[in-house]
1. Only one of (1) in contact with a His (Cβ under 8 Å, 6 or more places away or on another chain); (2) under 19 Å from Asp393 (Cβ atoms); (3) among the hydroxyl-bearing types (Ser, Thr, Tyr) fails for Tyr293. Which number is that?
2. May I ask you to say which residue of Leu170, Leu191 is touching a Pro at 6+ places or on another chain (Cβ under 8 Å) and either within 12 Å of ligand 1 (Cβ to nearest atom) or not aromatic (Phe, Trp, Tyr) (or both)?
3. When the residues of region 466-495 are narrowed to those that are of a type outside the set (Val, Ile, Thr) and at pLDDT below 90, which ends up nearest to Gln429 (Cα to Cα)?
4. Within region 236-265, take every residue that is part of a loop (DSSP other than H, G, I, E, B) and of a type in the set (Ser, Thr, Tyr) and give me the one that is farthest from Lys313 (Cα to Cα).
5. Can you tell me which residues in region 128-153 are among the hydrophobic types (A, V, I, L, M, F, W, C) and within 13 Å of ligand 1 (Cβ to nearest atom)?
6. I'm trying to understand the selection: among the residues of region 56-92, which are within 14 Å of ligand 2 (Cβ to nearest atom), β-branched (Val, Ile, Thr) and not in a strand (DSSP E or B)?
7. Name the pairs: first residue in region 29-54 and closer than 15 Å to Phe118 by Cα, second residue aromatic (Phe, Trp, Tyr) and near ligand 1 (Cβ under 10 Å from one of its atoms), Cβ to Cβ under 7 Å, at least 6 apart or on different chains?
Amino acid sequence: MTKKAFRAESKRLLDLMINSIYTHREIFLRELISNSSDAIDKIYYRALTDESLKFDKDSYFIKIIPDKSNRTLKLIDTGIGMTKEELEENLGIIAKSGSLAFKSENELKDGYDIIGQFGVGFYSAFMVADKVTVISKSPDSDKAWKWESEGAEGYMIEEAEKTDPGTEILLHIKENTEEENFDDYLEEYRLRSIVKKYSDFIRYPIKMDVYTSKKKEDSDEYDTIVEEQTINSMVPIWRKNKSDLSQEDYDNFYSEKHYGFDKPLKHIHFTVDGAISYRALLFIPETKPFDYYTKEYEKGLELYSSGVMIMNKCPDLVPDYFGFVKGLVDSEDLSLNISREILQHDRQLKLIAKNIKNKIKSELLSLLENDREKYESFYESFGRQLKFGVYSDFGTNKEELKDLMMFKSSKEKKYATLKEYVERMPEDQKFIYYASGDSIDKIDKSPQIEAVLDKGYEFLYFTEEIDEFAINVLMSYSDKEFRSVAGKDTGIEPADKALDEKVKEESADLLNDMKELLKDKVSDVKLSTKLRKHPVCLSSEGELTIEMEKVLNTMPD
Ligand code: ADP
Ligand code: MG
């Protein structure tokens, strides 16, 4: 067995690789499993034209075998394997990807999800292992070969025993250090959770022996039972046909993914084929997460590339104002960077994000139209978010969001959209009226609403702090401006102008006396034409209403 040296630059690259490309050590398993999946794809492809290879789908698998006593982790696959030359090329030359070459040689189109392309993933094994042994057999060679390396120093290659095509990778797991507990990578539960996290939708079964102990009958002794289990789900739900899926399937997926403790209010499952193709499965939650309106809440969708998870929470896929949406996007068209953790071009991401935004909007509008009850329950949870959306970013999103907004209205105290309000306006009503206050009850007691109601007009209750701020940004809806019932210019004429003038003259002295008395508390005392049953009300003059001033006064400087 002769020892061959890596070329110098390869050595440096390997060090770099092992120490700096990846953020999480655990992805070594994702990389090795991806390679095995590619290898099975390749033998599958070969079997289509090669009579000597029988591709029986059931006999193709990946298996993970941890062995604590020997500190080894073995990965077996029944893929295409490698000849001696291929071992040298693919594992001896860093950044050489046999998979990339395979893809271009065979001009693979749809249906093949070859993952590899950079020719570095394999070496991530050295993040957890101090020695890696690969035994591989290709259908193109009678002999099997063993490749072995302890990292940057080089590798050895020699003949080995193996009859069926495929590859076995044996990792000798590093000893624990103070920072890292490598023992973890020998634990069944840990391996299982890494597989679930990154490789759940690899199309071939990933198997593992699961040991359970069972009490013997009529005795205190236990039997250890070994059962081989498939630990990945293989076909991701979003790649299945909608018609094959039930509401329950979606609900289960939602809770398996820990998107929320509630049931989703609505799921949006769709495929896009175009400049960039992708599938998406999105959920609108029913209730808001407990931390939703806090800084702790992180929005984002999961991002998959060909069934492998690339990013846990990709914030760029949803705008802040739809930050409540959960779910994932899977695309084969993403250009990934070398660690497969970040994307190379955000142009692709931007395109997807724009698409997704439009889709969410149209789904919400259709919910509003077709299932009012559901929409209102959605709005109870996330309406505030939409109003924040109108208010923030200098109002750039207001056009996008205005049709999704609702407020409780004085008509039956029910939610009304702005469209509904405007459509119900009598012909002589010029403005959209609103009244601000802490609650509907309090507003109902306010003297300010009398004039509007007296005219038979409807007004909207603004009971959340954000309401008035959002409306100030929106300014108008369908050419109708918003006016506070408490504002100066409500456009409602006094009932009797002549009488008003007369009263004004007669009460000038009284008003002056009042003003003098209250001079520390109010800036002016005026006669009002708004009141009907109440004798007096408070009002503000400037741009801000009293309610807005209250909010601003509570904000830190
Ligand atoms: P990539 O997967 O991006 O090509 P890797 O470093 O992960 O890069 O793997 C390098 C190459 O080694 C692959 O392209 C493939 O040709 C070969 N290879 C790795 N693992 C296996 C395997 N289990 N079976 C067959 N070939 C493999
Ligand atoms: Mg790879």
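1. All conditions are met except number (1).
2. Residue meeting the stated conditions: Leu191.
3. Gly491
4. Taking the candidates together, the pick is Ser246.
5. Passing the criteria: Val132, Val134, Ile135, Ala144, Trp145, Trp147.
6. The one that is within 14 Å of ligand 2 (Cβ to nearest atom), β-branched (Val, Ile, Thr) and not in a strand (DSSP E or B): Ile80.
7. Between residues of region 29-54 that are closer than 15 Å to Phe118 by Cα and residues that are aromatic (Phe, Trp, Tyr) and near ligand 1 (Cβ under 10 Å from one of its atoms), the close pairs are Glu31/Phe122; Asn35/Phe122.
Results for (1) within 16 Å of ligand 2 (Cβ to nearest atom); (2) surrounded by fewer than 22 Cβ atoms within 10 Å (Cβ to Cβ); (3) modelled with pLDDT of 95 or more; (4) farther than 24 Å from Lys68 by Cα, shown as yes or no for each residue.
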{"site": "Tyr123", "(1), (2), (3), (4)": "yes, no, no, no"}
{"site": "Phe126", "(1), (2), (3), (4)": "yes, no, no, no"}
{"site": "Gly151", "(1), (2), (3), (4)": "no, yes, no, no"}
{"site": "Tyr155", "(1), (2), (3), (4)": "no, yes, no, yes"}
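The values are calculated or read from the model by the stated rules, or taken from the named source; none is laboratory data. Note that the coordinates shown come from a computational prediction; the quantities given were computed from them, not determined experimentally. Heads up, the Cβs are rebuilt from the backbone with ideal geometry, glycines too, and the neighbour counts pull from every protein chain shown.
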